[in-house]
1. Give the distance, in whole Å, between the Cα centre of segment 1-77 and the Cα centre of segment 175-189.
2. Please order Phe211, Phe179 by the number of other Cβ within 10 Å, starting at the fewest.
3. Can you list the residues, at least 5 places off or on another chain, whose amide H is less than 5 Å from the amide H of Val62, using H built in the peptide plane?
4. Can you tell me how segment 3-326 classifies by the Cα gyration tensor, rounded, prolate or oblate, using a/c under 1.5 as the rounded cut?
5. Which whole-number percentage describes the relative contact order of segment 1-86, with Cα contacts under 8 Å and a sequence gap of 6 or more?
6. Where in segment 193-234 are there trypsin sites (Lys or Arg not before Pro) that are in a DSSP coil and have at most 14 other Cβ atoms within 10 angstrom of their Cβ?
7. For the chain, what is the relative contact order in percent, using Cα pairs closer than 8 Å and at least 6 residues apart in sequence?
8. Given axes a ≥ b ≥ c from the Cα gyration tensor, I'd like to know whether segment 233-276 is rounded (a/c under 1.5), prolate (a/b larger than b/c) or oblate.
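Just so it is clear, none of the values below were taken in a lab; they were calculated from the coordinates. Fair warning: this is a prediction, and the values are worked out from it, not measured in the lab. Cβ placement follows ideal geometry from the backbone for every residue including glycine, while neighbour counts extend to all protein chains displayed.
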Amino acid sequence: MKTIDVHTHLLNPNVRFERLFDKIAVRFFARGLGVDSERLHAAPFETYVEGMARSIRDSRYVAQACLYPVDSRLDEHGREIHRDGTVCSTSEDVLAVAARYPEQFIPFLSVNPRRPEALDLIDEYAEKGCRGAKFLQNYWGLDLNDERLLPYYEKLKEKNIPLVIHIGSEYSIHSFARFERIDMLDLPVASGVTVIAAHMALGRINYKLRFWRNLSRDPRYFDADYFELLERLRRHPNLYADIAAILAPLRARALRHLAAQRDIHHKLLFATDYPVPFPVRFNSYDLPPATKRALSAVKNPFDRYTAVMLRYFPEDSPIYSNHSKVL
């Protein structure tokens, strides 16, 4: 079985691991990515790109990955006000990496709609080969139901480009929680553009006092937006969802429940959210300890993620082929 990972990220080309915390964490980060920690610290971007391309090339399950940039935060006048030093890369950066490794990467664009030339940039990047668009509107502080964005959605629809929208918690970058709720799908879906809701609307910390409920496998304690997303997937033919970063503990607890929702499996897309780290041995899903130990021993990060997914979605599941509907 071979599939396409529809959700991975390129790091900022100027990324550095210089803080004391970074110098400690980079060793664990490198181990999860299957790269040398000293080289990752010395030449982070190049080591990251080479390691990612090699892991895809050698993967038993993942043939290619959709590679995402993340545009910077802009003000209402289109002026840059923040560019995250780890997460933000440009569409040009992604196109350059995809040109180096065309068999491994499918380039996506990320154009903040506040850019005055946003529509022209969509035309340009689509012409250069970008096959999808990525929004991180919760980082941008952007309300996706602003009707001024309709020409943007219509342009994506015209170009037959799917739009990936982050729905659910965000912990890797500063974000505005009100812009990551399920209602951010309203206008994009209504516009007719193909929308991919990323992360299954899971992962929010809903219980501060009884914290264990945030890790409970009891559906009563799941995010309300998750159940709303399931219903929207049933109603809207142009709405899909990916399982990116579903192995984060606040999301992994829902795997058995999601696997049982077979009527919407034709709307789910396989995705990892690489390089977001994920635990295998110590996680909130319901696999036996011996199985977790065996899965954690898988070296290739894409194969390790897939090996867990195969415990819930067997090889004949449509989640591994649904990418053909949106790409």
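1. Answer, in whole Å: 26.
2. Fewest-to-most ranking of Phe211, Phe179: Phe211, Phe179.
3. Thr3
4. Rounded is the answer for segment 3-326, as its axis ratio a/c remains below 1.5.
5. Relative contact order, segment 1-86: 43 percent.
6. For trypsin sites (Lys or Arg not before Pro) across segment 193-234 that sit outside H, G, I, E and B with at most 14 neighbouring Cβ atoms in 10 Å, the list reads Lys208, Arg210.
7. Worked out over the chain, it gives 17 percent.
8. Verdict is oblate for segment 233-276.
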